[in-house]
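*Asks:* Quick one: the structure is below, questions incoming.
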Amino acid sequence: MAIGIIALMALPADISLWYYVAPMFVAGMGFGFFQTPNNRAMLLSTPLKRSGATGGVQATTRLFGQGIGAACVAISFHVDQVRGPMYVMGFASSLVIIAVIINLFRYIKGLDTDAC
């Protein structure tokens with residue numbers, strides 16, 4: 001996902017809209033490869049009788065994140081109408097990279113505990 005977003009940031013502003021398709025496809029595929037396993041892991045890690053609450057928390061956090069994201073986009077366009085999209089995409093790619101690092105640490109820690 002971060003690669004797709006960074007590729008979008010690297011595109012010049014004066015090109016055809018068709019050049020945006022490939023980076024957006026890569027970003028969308030990256031999001032899809034993250035979202036489904038992440039939701040599955042969260043739902044399977046809770047007891048069956050609490051799965052409804054888990055789904056509710058997932059929906060609430062997803063909508064909260066969408067609202068915060070839309071507000072960040074609006075603020076960035078207000079701050080600078082020309083480079084505003086770059087600010088948002090830079091912030092988004094930074095968050096994706098931070099999430100990857102956190103999950104790598106969790107994965108490595110899980111490998112260490114499995115060996116014991």
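*Asks:* Given the conditions (1) exposed (fewer than 12 other Cβ atoms within 10 Å of the Cβ); (2) part of a helix (DSSP H, G or I); (3) modelled with pLDDT under 85, which single one is not true for ALA13?
*Replies:* Unmet condition: (2).
*Asks:* Say whether the condition of being in contact (Cβ under 8 Å) with a residue 60 or more places away in the chain, under 18 Å from the mean Cα position of the chain (by Cα), part of a helix (DSSP H, G or I) and surrounded by 14 or more Cβ atoms within 10 Å (Cβ to Cβ) is met by at least one residue in the stretch 79-87.
*Replies:* First pass over the stretch 79-87, keeping only residues in contact (Cβ under 8 Å) with a residue 60 or more places away in the chain: 86.
Filter again for under 18 Å from the mean Cα position of the chain (by Cα), leaving 86.
Among the residues that remain, those that are also part of a helix (DSSP H, G or I) are: 86.
Subsequent filtering for residues that are surrounded by 14 or more Cβ atoms within 10 Å (Cβ to Cβ) retains 86.
For the stretch 79-87, residues in contact (Cβ under 8 Å) with a residue 60 or more places away in the chain, under 18 Å from the mean Cα position of the chain (by Cα), part of a helix (DSSP H, G or I) and surrounded by 14 or more Cβ atoms within 10 Å (Cβ to Cβ): present.
Residues checked against (1) over 22 Å from ALA10 (Cβ atoms); (2) touching a Pro at 6+ places or on another chain (Cβ under 7 Å); (3) open to solvent by 80 Å² or more (accessible area, probe 1.4 Å):
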site: TYR20; (1), (2), (3): no, no, no
site: LEU43; (1), (2), (3): yes, no, no
site: THR46; (1), (2), (3): yes, no, no
site: GLY56; (1), (2), (3): yes, no, no
site: GLN66; (1), (2), (3): yes, no, yes
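*Asks:* Now for a different question. What are the pairs with Cβ atoms under 8 angstrom where one residue, in the stretch 29-52, is outside any helix (DSSP H, G or I) and the other, located anywhere, is surrounded by 12 or more Cβ atoms within 10 Å (Cβ to Cβ)? Sequence gap at least six, or different chains.
*Replies:* From residues that are outside any helix (DSSP H, G or I), the pairs are THR46/THR54.
*Asks:* Turning to a different aspect of this structure: Got a sec? Which of PHE34, PHE105 is touching a helix residue (DSSP H, G or I) at 6+ places or on another chain (Cβ under 9 Å), open to solvent by 60 Å² or more (accessible area, probe 1.4 Å) and of a type in the set (Phe, Trp, Tyr)?
*Replies:* Criteria check complete, one pass: PHE34.
*Asks:* From the list THR113, THR46, exactly one residue is over 21 Å from ILE5 (Cα atoms), among the hydroxyl-bearing types (Ser, Thr, Tyr) and at pLDDT 85 or above. Which is it? Break it down into steps so the answer makes sense when it comes.
*Replies:* Values: THR113 fails: at pLDDT 85 or above.
Result: THR46 is the single residue among THR113, THR46 that is over 21 Å from ILE5 (Cα atoms), among the hydroxyl-bearing types (Ser, Thr, Tyr) and at pLDDT 85 or above.
*Asks:* Can you report the number of residues in the stretch 16-28 which are of a type outside the set (Phe, Trp, Tyr) and either farther than 19 Å from ALA92 by Cα or in a loop (DSSP other than H, G, I, E, B) (or both)?
*Replies:* Number satisfying all stated conditions: 2.
The values are calculated or read from the model by the stated rules, or taken from the named source; none is laboratory data. The model shown is predicted, which means the values in this text are computed figures rather than measured ones. Neighbour counts run over all protein chains shown; Cβ positions are idealised from the backbone, glycine included. Each accessible area value is taken on the protein alone, full model and side chains, heavy atoms only, with ligands, DNA and RNA left out. Shrake-Rupley method; radii C 1.70, N 1.55, O 1.52, S 1.80 Å.
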